[in-house]
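Peer 1: Dumping the structure here so I can ask a few things about it.
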Amino acid sequence: MAKCQRNDVGSIVLDRPSSTTCSGNSFRLWTAFSGAAFRRKIFDAVSCGASSRHRRQLMQEVLNDNVPQPPPPPPPTTTIKSVLKESNEPKKAVKVVKLPNNNGKSEKLVDLLNLAEVETDAETKKKEEALEELKRVVKELQVEDEEKKRKAASRVRLLTKEDSESRATLAMLGTIPPLVAMLDFEDSDSQIAALYALLNLGIGNDANKAAIVKAGSVHKMLKLIESPNAPSQEVSDAIVANFLGLSALDSNKPIIGSSGAVPFLVKILKGLDGKSRSQAKQDALRALYNLSISPSNISFILEADLIPFLLNALGDMEVSERILSIFSNIVSTPEGRKGISIAPDAFPILVDVLNWTDSPGCQEKASYILMLMAHKAYGDRQAMIEAGIVSSLLELTLLGSTLAQKRASRILEVLRVDKGKQVSENFGGNTSAAVSAPICGSSSNPNGKDCLVEEEGMMSEEKKAVKQLVQQSLQNNMRRIVNRANLPQEFVPSEHFKSLTTSSTSKSLPF
């Protein structure tokens, strides 16, 4: 490749001598910058294929040449002979001297800024294309052709599956009303496409959830359920999923609960067989949990006869913790506590949950339910004692989680205070006689053994049997605690412990 060299030779200007100069046919010669030289510089930069950085350097030199400079000192006068001599001599190639680059960092910064500008332009173009696509989808939802609407709804479902910006943009463009209107179609495919599009639009967007309910989607979904032609399983599952998503917003909970969604969810829950529709079961339970957070929905849950069904479902570890979470919301109201207490075998089932050592979450929730019920109603406390809650609570205070231990201790405290009040009421009318009675083993009666013998002699056969049962119960409970704690065998109740329990009565139990 031939080398490209810059031509810095300017035009020759002959200046005739003025009257003030010396006599003789002398003249002055110097180089000046002209338009031809400017065009030559541009041509050299383009023809040599220089890089963008070199072109910027050349342009900077051109601009520097165009800046007015102070007049140069007068050049030395020459003669025509000297000019002819110089013109006859061979011209030397002009060597391009590359000045050291002192602005390397600045040039790198410029390159980065240019690159960022290019990327920004590409990103802006991409966003514009995405916006145009969203507009086309919304336009297709508003046509009369049902097939195009179904395809557009499926497209909305895909676009909003993982893109939060698309959810907000499509809602702003008016996607929700035509999707809600599609629920009136008789085609199940169109219904499913619209339901899942609405479901994805509401994910993580509270404004969209409120707009979907405001557009009348809940009533249209229930209309589908109550229609003479029962909806397909896919449509029912999609409606359950929508109730789950929409009920996550607090303002939607009373609307959905009062619309009649609770009986539908309970019906779906009861109609599920085994593990064939495990996801639908989980969605229905979670939707009921969301609705139970609102106190206004507790009455609808009680009317749907949900509590007995949930109590019988306890034991299935896949749903037990969710069921106990629902009960935790139900016991927050007086009518909810009453509904649980009158359910058959409610307390034995809940007390049994306290013994699930392999599920600390269930133990914590069950202890919370029992703690609220024990604190609010005396009749519930008696039912708990009859269900054998004391031994379970004692075990929980030793082996349960920190939260379960605190709640178990609180229940024991409530039961103990209640037992103390009951004892004081029994002896309230004969306090003086109780105080003046001799105490066995005290300083006033050193013959404590004789007193115990007399007491045992005066004790009837029925009381002896009760005393024996209490002793056996204490020993059995201690063995259960030791076995579940996997303690060494030396912690098994010894004869010394048995001798201690022989002098105890039912009043000494930690009620």
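The values are calculated or read from the model by the stated rules, or taken from the named source; none is laboratory data. These numbers were taken from a predicted model, which means no experiment stands behind them. When we count neighbours, we look across all protein chains shown, and the Cβ atoms used for this are built from the backbone with ideal geometry, even at glycine. Just so you know, the surface numbers come from the protein's heavy atoms only, side chains and all, with ligands and any DNA or RNA stripped out. Shrake-Rupley method; radii C 1.70, N 1.55, O 1.52, S 1.80 Å.
Peer 1: Collect the residues in the stretch 326-342 that are crowded, with 20+ Cβ neighbours inside 10 Å and under 22 Å from residue 245 (Cα atoms), keeping them in residue-number order.
Peer 2: 326, 327, 329, 330
Peer 1: What do you reckon, is residue 260 modelled with pLDDT under 95, open to solvent by 50 Å² or more (accessible area, probe 1.4 Å) and among the small types (Gly, Ala, Ser)? Break it down stepwise before answering.
Peer 2: On the way: modelled with pLDDT under 95: yes; open to solvent by 50 Å² or more (accessible area, probe 1.4 Å): no; among the small types (Gly, Ala, Ser): yes.
Against the criterion (modelled with pLDDT under 95, open to solvent by 50 Å² or more (accessible area, probe 1.4 Å) and among the small types (Gly, Ala, Ser)), residue 260 does not qualify.
Peer 1: When residues of the stretch 314-368 are filtered for being in contact (Cβ under 8 Å) with a residue 40 or more places away in the chain, in a helix (DSSP H, G or I), aliphatic (A, V, I, L, M) and under 18 Å from residue 381 (Cα atoms), how many remain?
Peer 2: Final tally of qualifying residues: 2.
Peer 1: Of all residues in the stretch 152-163, which are surrounded by fewer than 18 Cβ atoms within 10 Å (Cβ to Cβ) and free of Cβ contacts under 8 Å to residues at least 24 places away in the same chain?
Peer 2: Scanning the stretch 152-163 gives 158, 162, 163.
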